[in-house]
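K.L.:
Input: one structure, supplied below.
Just so you know, all these numbers are worked out from the coordinates, no wet-lab data involved. These figures come from a predicted structure and were not determined experimentally. Don't worry about glycine lacking a Cβ; one is built from the backbone with ideal geometry, like all the others, and counts go over all protein chains shown.
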Amino acid sequence: MTPTGPPPTVTAAISSRPYAAQQPEWPDPAQVREVTDLLRDLPPLVSPAETARVRARLAEAATGNALLLQGGHCAEEFGARALREATANAVLLRQMATVLSYGTTLPVLPVGRMAGQYAKPRSRPTETREGMELPSYRGDAVNAAGFSARERRPAPRRMVTAYYQSAEVLHRIRAGNAVRPDVPGATEAAVEGPVEDLYVSHEALLLDYERALVRTDPATGGRYASSGHLLWIGERTRQVDGAHVEFAAGVDNPVAVKVGPTATPDELLALAAALDPGMRPGRLTFVSRMGADRIREVLPELVGKVAASGSPALWVCDPMHGNTRTTEDGAKTRWMSDITDEVRAFIAVHRAIGTHPGGLHLELTADDVTECLGGSTPVRPEDLDRHYTSVCDPRLNRGQSLDLAFFAAHLWGT
Ligand code: PEP
Ligand code: MN
């Protein structure tokens with residue numbers, strides 16, 4: 001039969017869509033469609049009003065009048081234990097925010113890497129152990145961390161579980177926000193001032209999931225990502241012509257971008273133009289993750305040129321991801337001394353330029369893990385395998401997190 005009508009242009013439209021790095025190879029596209037159709041019908045996880053409030057708070061930080069404290073697991077996990085951990089992590093974040101706020105006399109906005117941190121970028125698509133090669137673990141929204149073919153197979157239904165697990169975590173966070181039972185010895189009135197409500201953030205990596213959760217704000221008609229309040233783009237997916245930047249440019253949430261030591265001033269200016277063309281404080285945050293050994297050399301030019309362009313972007317310091325080291329036994333770890341050194345350098349760079357060092361982005365847990373080294377109750381290299389439970393990067397434990405909060409309060413306050 002002779003085809004009628006012009007050839008469809010669908011192929012061209014799809015192929016002109018920007019490239020999406022770090023996406024899973026789903027085995028069954030039909031199942032992905034089924035799942036994303038389902039997600040599209042579910043209620044938003046966060047409201048546009050909450051999201052706008054976070055943006056307004058971040059605007060205060062961007063203008064030098066507040067700090068952002070972002071923290072949580074590298075990769076959240078599914079299940080009941082993770083829910084208990086989320087509650088404990090929320091308490092820890094609020095305590096750290098209190099410490100930082102008293103030390104700096106600035107309001108501190110606590111934002112969890114929580115209720116959505118279920119997708120991970122990986123440096124290699126596969127992992128080989130004892131001669132067996134399997135897909136890398138890409139976060140619980142994609143596959144399971146265990147090393148078997150069954151667990152590592154990407155399963156689209158996991159995106160539905162990610163939604164419901166996020167809802168459960170948010171439920172607990174909102175209950176904590178309402179009651180604030182967690183600041184020892186503090187009365188309701190005393191905590192009213194320093195401690196703000198806790199909000200949530202994650203890396204907007206898994207685009208099938210994120211796109212399916214975009215909603216229209218009935219009040220303004222704007223589009224917002226309803227998967228979390230603050231979303232960030234990772235170091236591996238921040239290509240200015242890539243699909244992640246396109247996604248973030250199309251939503252009204254506050255957005256952040258991780259910035260590593262290979263970033264150029266022109267890249268950051270292009271990102272600022274794409275993500276914050278209106279130059280509105282609170283919309284865009286740059287998360288500097290340079291490493292203690294590179295930050296002094298690399299950060300000044302980036303901060304200076306972004307500021308000179310008129311961009312009001314907020315800068316915060318992630319002193320974790322540039323300081324990952326692998327031990328002789330193959331364990332990933334980070335030293336508290338590198339972490340504190342990077343924070344010190346971050347503040348010094350901003351003070352020298354006259355910009356505001358706007359806060360911290362940390363990987364931490366309230367659990368007593370032995371993943372990062374050092375601290376006032378030191379974890380030593382020989383302790384590492386005692387309680388190393390992270391399915392991805394090493395996190396500060398409770399003591400190390402509080403050490404860092406006091407250290408940061410001291411640095412910011414002087
Ligand atoms: C992360 O935050 O866990 C992460 C992968 O960071 P980055 O994109 O900065 O490497
Ligand atoms: Mn990480």
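K.L.:
With r defined as the distance between the Cβ atoms of ARG81 and ASP329 and R0 fixed at 22 Å, what FRET efficiency is calculated, to the nearest 0.05?
P.N.:
E between ARG81 and ASP329, to the nearest 0.05, is 0.30.
K.L.:
Of ALA30, ALA345, ALA21, which has the largest mean-square fluctuation in a 10 Å C-alpha GNM of the chain?
P.N.:
ALA30
K.L.:
Taking loop as defined by DSSP and a crowding limit of 16 other beta carbons within 10 Å, which chymotrypsin sites (Phe, Trp or Tyr not before Pro) in region 102-154 fit?
P.N.:
On the way: sites: TYR102, TYR118, TYR137, PHE147; in loops: TYR118, TYR137, PHE147.
Those that pass, being in a loop and sparsely packed, are PHE147.
K.L.:
In nanometres, what is the gap between the two model label sites at HIS387 and GLU168, each 7 Å from Cα along Cα-to-Cβ?
P.N.:
2.3 nm
K.L.:
Still on this model: Taking the Cα centre of the chain as origin, work out the dipole magnitude from +1 charges on Lys and Arg Cβ and -1 charges on Asp and Glu Cβ, in debye rounded to 20. Could you put the intermediate results ahead of the total?
P.N.:
Details: 44 positive and 50 negative charges, 105 e Å.
I would put it at about 500 debye.
K.L.:
If you don't mind, another one. Just to verify a number: FRET efficiency for MET279 and ARG33, C-beta to C-beta distance, R0 = 41 Å, to 0.05?
P.N.:
On the way: r = 38 Å, r/R0 = 0.94.
With a Förster radius of 41 Å, E is 0.60.
K.L.:
Evaluate the distance, in nm, between pseudo-label points positioned 7 Å from the Cα of GLU297 and of THR264 along their respective Cα→Cβ axes.
P.N.:
1.8 nm
K.L.:
Using a Debye calculation, one point per C-alpha and no hydration shell, please list log10 I(q)/I(0) for region 311-414 at q = 0.13, 0.15 Å⁻¹ in order.
P.N.:
-0.47, -0.61
K.L.:
In the chain, with Lys and Arg counted as +1 and Asp and Glu as -1 at Cβ, which of these residues, LEU39, THR377, VAL343, has the Cα nearest the positive end of the dipole, that is, farthest along it?
P.N.:
The Cα lying farthest towards the positive end belongs to LEU39.
K.L.:
What is the sum of charges, Lys and Arg at +1 and Asp and Glu at -1, for the other residues whose Cβ falls under 12 Å from the Cβ of ILE295?
P.N.:
So the surrounding residues net to -3.
K.L.:
Counting Lys +1, Arg +1, Asp -1, Glu -1, what net charge surrounds LEU67 among other residues with beta carbon under 12 Å of its beta carbon?
P.N.:
-1
K.L.:
Can you give the Kirkwood hydrodynamic radius for region 60-128, in Å, rounded to one decimal and based on Cα pairs?
P.N.:
Roughly 13.9 Å, rounded to one decimal.
K.L.:
Which residues make up the longest stretch of the chain that has no GluC sites (Glu not before Pro) in a DSSP loop with at most 11 other Cβ atoms within 10 Å?
P.N.:
Details: sites that count: GLU25, GLU130, GLU328.
Of all site-free stretches, the longest is 131-327.
K.L.:
Enter the angle in degrees (range 0 to 90, nearest 10) between the Cα long axis of helix 336-353 and the first principal axis of the Cα atoms of the chain, meaning the one along which they spread out most.
P.N.:
Rounded to the nearest ten degrees, it is 90.
K.L.:
Same structure again: Show me the trypsin sites (Lys or Arg not before Pro) within region 362-414 that DSSP assigns to loop and that have at most 12 other Cβ atoms within 10 Å of their Cβ. Walk me through the numbers before you get to the answer.
P.N.:
On the way: sites: ARG386, ARG395, ARG398; in loops: ARG386, ARG395.
Answer by residue number: ARG386.
K.L.:
Quick check for you: which residues of region 198-238 have the amide N under 11 Å from the point 7 Å beyond the Cα of ALA249 toward its beta carbon?
P.N.:
none
K.L.:
Related question: Extending each Cα 7 Å along its Cβ direction at THR105 and ALA352, get the distance between those two points in nm, one decimal.
P.N.:
2.7 nm
K.L.:
Defining a contact as two alpha carbons under 8 Å apart and six or more residues distant in sequence, what relative contact order in percent does region 192-345 show?
P.N.:
17 percent.
K.L.:
Another question about this same structure. Counting alpha carbon pairs within less than 8 Å and at least 6 residues apart, what relative contact order, in whole percent, applies to the chain?
P.N.:
The value is 20 percent.
K.L.:
Under 12 Å from the Cβ of ARG386, count the other residues' Cβ atoms, weight Lys and Arg +1, Asp and Glu -1, and hand me the total. Walk me through the numbers on the way to the answer.
P.N.:
On the way: positive: ARG380; negative: ASP368, GLU371, GLU382, ASP383, ASP385.
My count for the surroundings of ARG386 gives -4.
K.L.:
Now for a separate question. FRET efficiency for THR377 and ARG157, Cβ-Cβ distance as r, R0 = 51 Å, nearest 0.05?
P.N.:
Rounded to the nearest 0.05, the efficiency is 0.75.
K.L.:
Related question: Between LEU373 and residues 5 or more places away or on another chain, which pairs have amide H atoms under 5 Å apart, with H built 1.01 Å from N, and which residues are they?
P.N.:
ARG334, TRP335, MET336
K.L.:
May I pose another question? Determine ³J(HN,Hα), in whole Hz, for all residues of region 21-37 in sequence, where each value follows from phi through the Karplus function 6.51 cos²θ - 1.76 cosθ + 1.60 and θ = phi - 60°; x replaces Gly and Pro.
P.N.:
6, 6, 8, x, 8, 5, x, 9, x, 4, 5, 4, 4, 4, 5, 5, 4
K.L.:
Within region 242-269, list the residues whose amide N lies under 20 Å from a label point set 7 Å along Cα→Cβ of LYS305.
P.N.:
Backbone N within reach: 242, 245, 257-269.
K.L.:
Divide the volume of the convex hull of the Cα atoms of the chain by its number of residues and quote the answer in cubic angstrom per residue.
P.N.:
Each residue corresponds to 164 Å³ of Cα convex hull volume.
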